[in-house]
Structure formats: C-alpha cells, structure tokens
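Single-structure report; data block below.
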C-alpha cells in the first residue's frame, strides 16, 4: 500500500476498488462503497441460507462437519466486512448525510448500523465457534430425537446456553442475557414485555380451555383417520403452495424432520416439510404455515434483494404471516370448502363424503396434546409459554440441560393436564435449541397475536374477509399484506408496521377476543 500524502489509499472491506482520501468526504463514493458492501454481504447470506436449508433437508449425515466449517468461515468474513473501522466510518459519514440519501439508502444505513452494533464487540472467533457448535449440535439433535436420547443432546444444550450467555455479554454487558436474545428476535421486546403478554393470554386461555373440556363436546376427527398415501400428500402440498398464491417457479419443496422455510431472494424460496401417512391435516396446516413464511419472503420488494433490507423484519412478524395463513385463513369456516376441494382432488375416495363443516370442526378441535406444531389455536400459546419459562431458567442459570426433561413434564402436566411419555415427544421435539435459537419461541405466540390485529385492520379497510375466503380468492388479502407488511422488508420495525397498518400500538386484546369468540361458538359456550 502506498503511504505518501497524495496517494494514501484505504481499502473498504467488501469493495474491489481502493478509495482515495477524497472519497472520505464524498457521499457519492461512500454510496458506491455501501452498495458493494451490501452485495458481498448478500452473497454470504445467499450461501448461508442455502447451506442451512440443505443441512436440514437433503445433505447426507457425513456432510455436517464440512458444511459447518464453511458456515463458520462465512460468519468470520461477515464479521470482518461489517465490523471493520472503515465500514463503521463509512456508515457514520452516510448517517450524517441523510438529506442526500433516498429512503431506501437511509434504511440501509440504519439497519447496517444496527447489525454492526449487534456483533462489533463479539470476537469473530467466538461467533465462528458458536456456528460450528450449533451445526454439530443440530446433527446430534436429529439422531437424539429419533432415538429418544436426551443424554446425547444434553451437553450440547449446556454449551449452547453458556455460549449464548457469553455472546450476550459482548453484545450488551449491562442487559440480562435472555433480554438480549429476545430483543434480537423481536426488536424492542424483553421479559417484561412477554411476561405482560403471556399473563394476559393465560388469563383468557386457561379458563376458556377449562370451559371447552367441561362442555363435554368434541368435534370428530374420524373422517380424517386412516392411511393417506405419501406421494399423493406431496402432490397435495404442491397444490397448496399455488392455492396460497406462491409462484411455483420460485419454490423448492423438499423433505425434512422439522418443517421450515427460507428464501435466498424474492425469486428463490424453499419450503421443507414432512408428511405423516396417518395424518393428512398435519400436512395441510404445515404447508399453509410455511407458505405464509414463503409469501413474506418471495413477495417482498425485489429492489431489496441484494441489500440488508431483504427479508422479514423480525421473527415475530414472520410468525404473524405463517400463523395468519395457517389459522386465520386455513382454519376459518369460510375457507373450508376451498381446502376440502383441494383434498378431494388427491383423495377422492376418502374425502368425497366429508363436508366442509366437518373439516372446519375437526381442524379446530381443541384438546391438550404433546406436540406444539400439531396444536390447535387455543392450546398453542400454552406450548409456547412452557418453552419461554424453561428458556428463562436456562439463561439465568437456575436450571441446566439435565433439568429440562423434568421441567418439561411438570409444566405439560400443570398447563395442559397431560403426561409426556418420552423425550422424543417432549423436550427433543423442536429443533430450535440445537440451532441456538433461544429467544425465538415467544415470537410464535406474539406473532399469532399480531395476526388478529392485522385481521381487524383489514376488515376496517372494507375487506370482506369471509366473503373472499368463501370464494377461495386470497388475492385482495395478499395485496393488503404486501402493501402494509411485505414490501417494507427490514426497513421498518414490527412496532412501526403495526402502528402504520392498524392505526394503533400492538394490543393482545384482539387475539384473546378472537379466541373467545371462535371457541365459544364452536363449543356452544
């Protein structure tokens, strides 16, 4: 590198060209550097999303360590790109020239500065080690779940918790470690927020569930029992993708142990799911759920594809979209005829005598169960609450991995009144902890609540929700969601999206009122 006064050059990480000293006071040069940085970070995200998706679906078991090493290298390079002094200085200069930037550029600077602040004090080797750990842990979890072998996964969970406590300390030494991760998954939230939210939900759900059980009424699922050919179920899954409004030419559908979805760009979405030969409804609602995630990702603003603004703004907002299509659309009585028509196409012999009303009632049967992903709308938040409480104990050090199976069993007995027979159907059922996603679970419940508030706002905007569903016409509903949520990507936080779309701050009352109204009608309460 030349070091004379006139030719000193500064290499901004991620840029192939060297910037002259004049570029330091030149917003145009900084914007060029910003664009180049974004493209390099995007290339890494593209690779990381693909690797993670294939790890969870098609990769052979022995590929795990190699892919983990690649992910760790990419993680280190992300850190170097985003956390260098040159990048920090460039972002700081641009933040001082907001009047010269477009709305999109201002949003990019804001988000990149936030992303940088979240990792700048985390040693790159610490983050890379965590990536290697979670990649290995995921592989161990997969085997442990199949073998009902908590003991093999237990040491990994302890290591993950300890690493997350350490990393949280680097991120914000003055904050509670669990609060750090709650905020990272849903910006602006902490334990106080979720304690208040779950308190309100419990006040309504627990007595409502008791009334449901006391009613002695229970919709039948008999017509959905039996054997449903797996190949035909996968054909149904592909039809459900199109029914939701996803572009099949953008979507990769593959198989996995624990359903998930992701998107590399607005032109490349991935849904990984599974089918059970004896449970067709599981397939239907898993696909609608993952399809909601995929719509959020693939129907966003394509101009954001190569920027930090690409994707959902938070885990909670993402779950609001998946839960919206799974429940507010998929489990509504108005949409039941459309769903039944799709099911009859592939299973005419088993579905021709089923009525839309029977499908609606069976899909909304409320009863305590073991598996969160198979839970009805009413009991679902209690599944999430159990995980939230256990995560708090783990992150505070009040509990360790060896305590989790008993904590799990005790809470399922207390909240849902059921006995957990083994760890496969208990503490090993979810993939999240193996991937270091502590702090994610609460977003499932708050996302469900966001959806109820969006539905109310939609109806205030004169969208006749039930009429559209009865026609199988989801286009106006998707258009509202696209205009108010999807197009913003990460440029707006959840709180701002809710305020702008609904004309008010977030309120869980819409959610609890929805549950009371729906289940009171179903069970004649």
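Worth a mention:
- Entry remark, the stretch 296-355: residues being part of a loop (DSSP other than H, G, I, E, B) and more than 13 Å from the chain's Cα centre (by Cα) number 20 in total.
- Hits in the stretch 83-102 (condition: touching a residue at least 60 places away in the same chain (Cβ under 8 Å) and either outside any helix (DSSP H, G or I) or within 19 Å of residue 305 (Cα to Cα) (or both)): 84, 97, 101
- Selection count where residues are free of Cβ contacts under 8 Å to residues at least 12 places away in the same chain and in a loop (DSSP other than H, G, I, E, B), scope the stretch 140-174: 3
- Residue in the stretch 380-402 that is touching a residue at least 12 places away in the same chain (Cβ under 8 Å), in contact with a helix residue (DSSP H, G or I) (Cβ under 9 Å, 6 or more places away or on another chain), part of a loop (DSSP other than H, G, I, E, B) and crowded, with 17+ Cβ neighbours inside 10 Å present: no
Every residue, every condition in (1) farther than 20 Å from residue 489 by Cα; (2) in contact with a strand residue (DSSP E or B) (Cβ under 8 Å, 6 or more places away or on another chain), yes or no:
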| site | (1), (2) |
| --- | --- |
| 49 | no, yes |
| 59 | yes, no |
| 64 | yes, no |
| 84 | yes, no |
| 88 | yes, no |
| 94 | yes, no |
| 111 | no, no |
| 130 | yes, no |
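- Residue that is surrounded by the fewest Cβ atoms within 10 Å (Cβ to Cβ) [pool: residues in the stretch 222-236 that are under 19 Å from residue 330 (Cα atoms) and at pLDDT below 95]: 223
- Verdict on residue 369 being in contact with a helix residue (DSSP H, G or I) (Cβ under 9 Å, 6 or more places away or on another chain), part of a helix (DSSP H, G or I) and modelled with pLDDT of 95 or more: no
Yes/no per residue for (1) more than 30 Å from residue 356 (Cα to Cα); (2) part of a loop (DSSP other than H, G, I, E, B); (3) within 23 Å of the chain's Cα centre (by Cα); (4) free of Cβ contacts under 8 Å to residues at least 60 places away in the same chain:
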{"site": "242", "(1), (2), (3), (4)": "no, no, yes, yes"}
{"site": "246", "(1), (2), (3), (4)": "no, yes, yes, yes"}
{"site": "254", "(1), (2), (3), (4)": "no, no, yes, no"}
{"site": "262", "(1), (2), (3), (4)": "yes, no, yes, no"}
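- Residue list for the stretch 471-492, filter: outside any helix (DSSP H, G or I) and either surrounded by 19 or more Cβ atoms within 10 Å (Cβ to Cβ) or modelled with pLDDT under 95 (or both): 474, 485, 489, 490, 491, 492
- Selection within the stretch 438-470: residues that are touching a residue at least 12 places away in the same chain (Cβ under 8 Å) and assigned to a loop (DSSP other than H, G, I, E, B). The member of this set that is surrounded by the fewest Cβ atoms within 10 Å (Cβ to Cβ) is 461.
- All told, residue 226 meets the bar of being in contact (Cβ under 8 Å) with a residue 40 or more places away in the chain, over 21 Å from residue 300 (Cα atoms) and not in a helix (DSSP H, G or I).
- Within the stretch 208-223, the set of residues being closer than 28 Å to residue 446 by Cα, more than 29 Å from the chain's Cα centre (by Cα) and part of a helix (DSSP H, G or I) comprises 210, 211, 212, 213, 214.
- Here residue 425 clears all of (1) more than 26 Å from residue 299 (Cβ to Cβ); (2) part of a loop (DSSP other than H, G, I, E, B); (3) touching a helix residue (DSSP H, G or I) at 6+ places or on another chain (Cβ under 9 Å); (4) touching a residue at least 24 places away in the same chain (Cβ under 8 Å) except the condition numbered (3).
- The numbered conditions (1) in a helix (DSSP H, G or I); (2) farther than 24 Å from residue 339 by Cα are all true for residue 515 except (2).
- Taking the criterion of being without any contact (Cβ under 8 Å) to a residue 40 or more places away in the chain, farther than 21 Å from residue 307 by Cα and surrounded by 15 or more Cβ atoms within 10 Å (Cβ to Cβ), the residues of the stretch 34-62 that qualify are 54, 59.
- From the options 353, 357, 419, 411, residue that is more than 18 Å from residue 286 (Cα to Cα), without any contact (Cβ under 8 Å) to a residue 12 or more places away in the chain and surrounded by fewer than 21 Cβ atoms within 10 Å (Cβ to Cβ): 419
The values are calculated or read from the model by the stated rules, or taken from the named source; none is laboratory data. The structure presented is a predicted model; accordingly, all values stated were derived computationally and were not measured. For neighbour counting, all protein chains shown are included, and Cβ atoms are generated from backbone atoms with ideal geometry for every residue, glycine included.
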